[in-house]
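Enquirer: Below is a structure I'd like to ask you about.
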Amino acid sequence: MSPVTLSSLAALAALTLVSAQSTFPPTPLASKTFAYPTGIPYMVDTDQGLIRGFQKGYNICNGTTQNQDSLCQTSFMNSIDDFCLWAPSEPDSLVANTEGEMVAWCTKPGHGTRLIPEGALTGVQFIKTPAYVAVIGFVDQAKINIAAGTFGGEMDPHGADLRGNPMGGLVYSNSFSGGGSNFQQVIEWHNFMGGGAFCMKACDPANPDAAHFCEHRLDRIGCNFNVPNNAQNGTFESCDGENQDFPGVYTVNGQVMTYTQPPEDQGAIQTMPYTARVPATSNCVQKSSTELYAALATVTAASGSSSASVSGSGASASVTKSGSSSKPTSGTASATGSAASGSATSNEAATLAISGVSLLGVVFSALFLS
Ligand SMILES: *[C@@H]1O[C@H](CO)[C@@H](O)[C@H](O)[C@H]1NC(C)=O
Ligand SMILES: *[C@@H]1O[C@H](CO)[C@@H](O)[C@H](O)[C@H]1NC(C)=O
């Protein structure tokens, strides 16, 4: 072999090596644990040179970072009056384009994050079950920087490249550790945002089925399948609840079935073979939003979003093409950011990570709230 050929081979080998190494971090986000507060590093995702770039914000959050420009990516899930959602840092963003960079927006000061502006939440149900806590609700999403009238996607600590969406995002809760300031890191969680609604579930780290209750592969079928609920727009209530079935698992005529989400390149999901069972709730306590979110009274949305209307309504059952974003909505979408599991080959994952988006089928919009 000529030296030239040898060196080209070496270059090729090096390239292959680099591209194989530059997608996945040495440690997946879901395997990184940090005690609150002293164990938390400034940034959780410090791996250099990976395909999706750098963590957007930071994880040490305090009085200095408590403002509406905060890039805090440490989130909380405690109670109906003390939870955070993941949302974009810049106005008028699409979830699909920003899922890797979302920041925490909370209902209460004290976590060093942005606050959800007054009036953005129009109905919220918080549910505590033996296995998880979940919050489901209705939101004027333009007030938290999600473009009005657009449908969204799923954030979770996995993602195609295992760096999480958002990358480096952490979630803590006092729900499984005795309340107060005993904040415990939640390893498995998922958060769906878009279509004027949201749901966020944090699974008890001590529950052996936490990863199943907080499944991260069904990113196109929204809240009604991942967090089946009876939240009502206009009602704010906190309830006890029974556990749901694992997302994607359902029973027909006594037979337990498992739903598999089709790959996005097969086009929009037109029909679902089941309706998820809504688990019973009890001991619901209703309050007014002003009682719950008094601290938000002074926080107004920066983006002048009050005139924005939700076109086409995320709750409608229409399956006609309604423009979930400025991107193509069906067959041309090639990737989904969070559907892949850890078994994805690096090649697939690299493709997913490079495209960096999870375009959602039109049916997602119909199913999200219907
Ligand atoms: C507050 O948070 C910022 C951003 O993470 C950090 O740079 C700063 O050191 C923190 N301040 C204190 C007193 O911990
Ligand atoms: C929820 O109710 C508010 C009015 O309180 C309305 O503006 C909004 O469109 C409703 N959201 C959905 C998704 O139906």
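The values are calculated or read from the model by the stated rules, or taken from the named source; none is laboratory data. This one's a predicted model, so the numbers in the text were calculated from it and none came from an experiment. Accessible surface is based on the protein model in full, side chains and every heavy atom, while ligands, DNA and RNA are left aside. Shrake-Rupley method; radii C 1.70, N 1.55, O 1.52, S 1.80 Å.
Enquirer: Under 37 °C and 0.692 mPa s, how fast does the range 59-106 diffuse according to Stokes-Einstein, given a Kirkwood radius computed over C-alpha pairs? Answer in µm²/s, whole number.
Expert: Result for D is 288 µm²/s.
Enquirer: Ok, one more. Per residue, how much accessible surface does the range 145-188 expose to a 1.4 Å probe? Answer in Å², no decimals.
Expert: Ligands and nucleic acids excluded, the figure is 19 Å² per residue.
Enquirer: Give me the percent of the accessible area of the range 166-267 that comes from carbon and sulfur atoms, probe 1.4 Å, all protein chains in place.
Expert: C and S fraction of accessible area: 44 percent.
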